[in-house]
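The values are calculated or read from the model by the stated rules, or taken from the named source; none is laboratory data. Just so it is clear, the structure is predicted and the values come from calculations on it, not from any experiment. Methodologically, a virtual Cβ is constructed for each residue, glycine included, from the backbone with ideal geometry; neighbour enumeration extends over all protein chains shown. The accessibility values were calculated without ligands, DNA or RNA, using every heavy atom of the protein model including side chains. Shrake-Rupley method; radii C 1.70, N 1.55, O 1.52, S 1.80 Å.
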Amino acid sequence: MQKIPGYENTNSEVPDKKYWLYGLMIVFFALAFRLFELGERVLHHDESIHASFTLKLLEHGEYSYDPAYHGPFLFHSTAAVFHFLGITDTTSRLVPVLFGVATILLLFLLKKELGKNGVLWSMFLLAFSPSMVYFSRFFRNDMIIIFCTLAAVTGAFRYLDSIHSLKRYPYLVLAASSLAVAVSSKENAYIILAVFGAYAGLGFLYWICSDWKKENMGLKETLRSKTSALLPYLPEIILSGALSVFIIMFFYSSAFRYDVSLFSIVERAFNHWMEMHSIERIGGPFYYYIPILLRYEIPVVLFGAAGFFYFLFNRVRNKGQNYSFFLFLCYWALTSLLLYSYIQEKVPWLVVHIVLPFGLLAGAFLGEVFSKKNKDGQPKKPDYPGKIRALLTVILVLTLLVFISQCISVNYYRSMEDEELITYTQASPDIRILMEKIEGFNESPDTLRIYVIDQYQLYWPLPWYLRDYERAAYSSKPPSSSKYDAIIAPISCDMYRELSEEEYSSYNFTLRPGRDFTLYYNNKLEQQ
């Protein structure tokens, strides 16, 4: 196995102290952005289901894998958070927050490939990306997958870079365990495995064929030579595979309490995704993610695309300088864009899997263009004439202003607005008012009899917010008797045909866009 050539820092302009200071400042503000008013937004339909599943796991130890709600890692890790920090909207989102920030920290390990300037630019773009911030504050699995994807890439390149050193072992463990956690988190981990596996396979074939031609040996002799070169590393690779299987089985069996097989896990995940794709459950046009990217991620798109062509076709720049890494990065960005555009499960949170590789390309490109010194610390000859650099600077400043303003707007002012492209059937703030009204009733959560009706059983997130109301009931049909103190029903279901208008008052609210409901409650509940 050969060491990847050309691992050199090409833009070491920033001194070490400033590099770490700037990097840690970015991480600090990224954490602050993600934690500020974390529980303010009402839990989304999916978030509330995940939170309820987690609560069930915490209180009763019950877990059963259902690919419709993805893998077990999110539930088990959040159950630990609930146990130690309490059960709130805020604590339910802490795991995505931590993985979102950890993703930014991982970039420190790519200094050899991206250079110091490239690392800092990439950190900045991922730290304040509107979609990255939004879905780091969202109780779903995607930020875990984002971290694991970058950790696997980082671990693999650091492993190859340290292939003749004992330092390689931690990086192999990082890559193997990250892929296992990804598989334990969400089914698109199999897409990532396929993308990375295909590239590794092509790289392996290239390694064999290039040396075959170079050494002028027969194919059998070349294969024998390459096999003997790989043999010393085979035991550690097998052990890392065993570690991955152990982690996957640990979470899917809920700490080995349930009997599951690796084959059944993969089969159910694959069948579910194939079915969702074939029926186009949440379909959309091939260009679905383009408007989202252009609205929220304009510097990532522009400079990521520029970086794609710059690193892929600039042969003079790439000669011996991290070309293997940037070739992979271009492949990763392109395949991510094409695959997620093709798959007929179009939802806004999947855009982060496109943003990640393009964010790295954009950061690396900006690090190159705006670096004033080369790897030896000497003044660097500009890649572009002064007028082009000035134009790039103007474009960068303008796009970053839009970038930051969109990040603030969509996360703190318009996070529950249906017009935003990444909010996607977000639950209405009316639910906060509804809960204040219910909590103001003179019946306690132990005794209040409340009945929730929806013929489609799409009443989430109400079960999460009514989790303390032990006598709450849910059905697709109206109750057979009027024994309930309060009834929540779609606004089209006029319960006054069953209830007395003199005894019951009503309050209309929006559950989420297009879903209006009414709370009917006995007037005695407001009497002191």
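Summary table below
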quantity	calculated
Counted residues, the stretch 58-76 - those being touching a residue at least 60 places away in the same chain (Cβ under 8 Å) and surrounded by 19 or more Cβ atoms within 10 Å (Cβ to Cβ)	8
Residue that is modelled with the highest pLDDT, among those in the stretch 136-165 that are open to solvent by 30 Å² or more (accessible area, probe 1.4 Å) and assigned to a helix (DSSP H, G or I)	F147
Wholly enclosed strands (runs of 3 or more DSSP E) of the stretch 425-528 bearing at least 1 residues under 26 Å from F53 (Cβ atoms), open to solvent by less than 50 Å² (accessible area, probe 1.4 Å) and hydroxyl-bearing (S, T, Y)	450-453, 473-475, 504-512
Any chance S264 is in a helix (DSSP H, G or I), of a type in the set (S, T, N, Q) and either in contact with a Ser or Thr (Cβ under 6 Å, 6 or more places away or on another chain) or surrounded by 14 or more Cβ atoms within 10 Å (Cβ to Cβ) (or both)	no
Filter result (in a helix (DSSP H, G or I), open to solvent by 20 Å² or more (accessible area, probe 1.4 Å) and within 23 Å of L109 (Cβ to Cβ)) within the stretch 321-369	Y323, S324, L327, Y331, T335, F358
Residue check, P285 in a helix (DSSP H, G or I) and either open to solvent by less than 80 Å² (accessible area, probe 1.4 Å) or at positive phi (or both)	no
Subset of the stretch 166-180 (residues that are part of a loop (DSSP other than H, G, I, E, B) and among the aliphatic types (A, V, I, L, M))	L166
Out of S415, S405, sole residue that is within 19 Å of R41 (Cβ to Cβ) and buried (at least 16 other Cβ atoms within 10 Å of the Cβ)	S415
Answer from S476, S482 - the residue that is under 22 Å from Y456 (Cβ atoms) and at pLDDT below 90	S476
Matching residues in the stretch 195-204 - criterion: being in contact with a Ser or Thr (Cβ under 9 Å, 6 or more places away or on another chain) and open to solvent by 20 Å² or more (accessible area, probe 1.4 Å)	F196, A198, Y199, G203
Selection count where residues are modelled with pLDDT under 95 and among the aliphatic types (A, V, I, L, M), scope the stretch 310-338	3
Check on A189, more than 24 Å from T54 (Cα to Cα) and of a type in the set (A, V, I, L, M)	no
Complete set of residues in the stretch 465-486 that are within 30 Å of T88 (Cβ to Cβ) and either hydrophobic (A, V, I, L, M, F, W, C) or touching a strand residue (DSSP E or B) at 6+ places or on another chain (Cβ under 8 Å) (or both)	L466, Y469, R471, A472, A473, Y474, S475, S476, Y484, D485, A486
Restricting the stretch 30-40 to residues that are small (G, A, S) and outside any loop (DSSP other than H, G, I, E, B), the residue that is most open to solvent (accessible area, probe 1.4 Å)	A32
Answer from I298, I279 - the residue that is open to solvent by 40 Å² or more (accessible area, probe 1.4 Å) and of a type in the set (V, I, T)	I279
Sole residue being modelled with pLDDT under 95 and open to solvent by 30 Å² or more (accessible area, probe 1.4 Å), chosen from K116, K112	K112
Inter-residue pairs, beta-carbon under 7 Å, first without any contact (Cβ under 8 Å) to a residue 12 or more places away in the chain and in the stretch 395-423, second assigned to a helix (DSSP H, G or I) and open to solvent by less than 70 Å² (accessible area, probe 1.4 Å), 6+ apart	E420/V410
Every pair of residues 6+ apart whose Cβ atoms lie under 7 Å, when the first sits in the stretch 492-505 and is polar (S, T, N, Q) while the second is surrounded by 14 or more Cβ atoms within 10 Å (Cβ to Cβ)	S505/Y521
Checking D89 against (1) in contact (Cβ under 8 Å) with a residue 60 or more places away in the chain; (2) in contact with a Gly (Cβ under 7 Å, 6 or more places away or on another chain), the condition it does not meet	(1)
Any pair with Cβ under 7 angstrom, 6 or more apart, that starts in the stretch 113-128 at a residue that is basic (K, R) and ends at one that is part of a helix (DSSP H, G or I)	K116/Y19
Among (1) open to solvent by 20 Å² or more (accessible area, probe 1.4 Å); (2) outside any helix (DSSP H, G or I), the one test that S185 misses	(1)
Residue in the stretch 205-213 that is acidic (D, E), open to solvent by 60 Å² or more (accessible area, probe 1.4 Å), without any contact (Cβ under 8 Å) to a residue 24 or more places away in the chain and farther than 21 Å from E345 by Cα present	no
Qualifying residue in the stretch 144-167 (condition: of a type in the set (A, V, I, L, M, F, W, C) and out of contact with any helix residue (DSSP H, G or I) (no Cβ under 9 Å at 6 or more places or on another chain))	yes
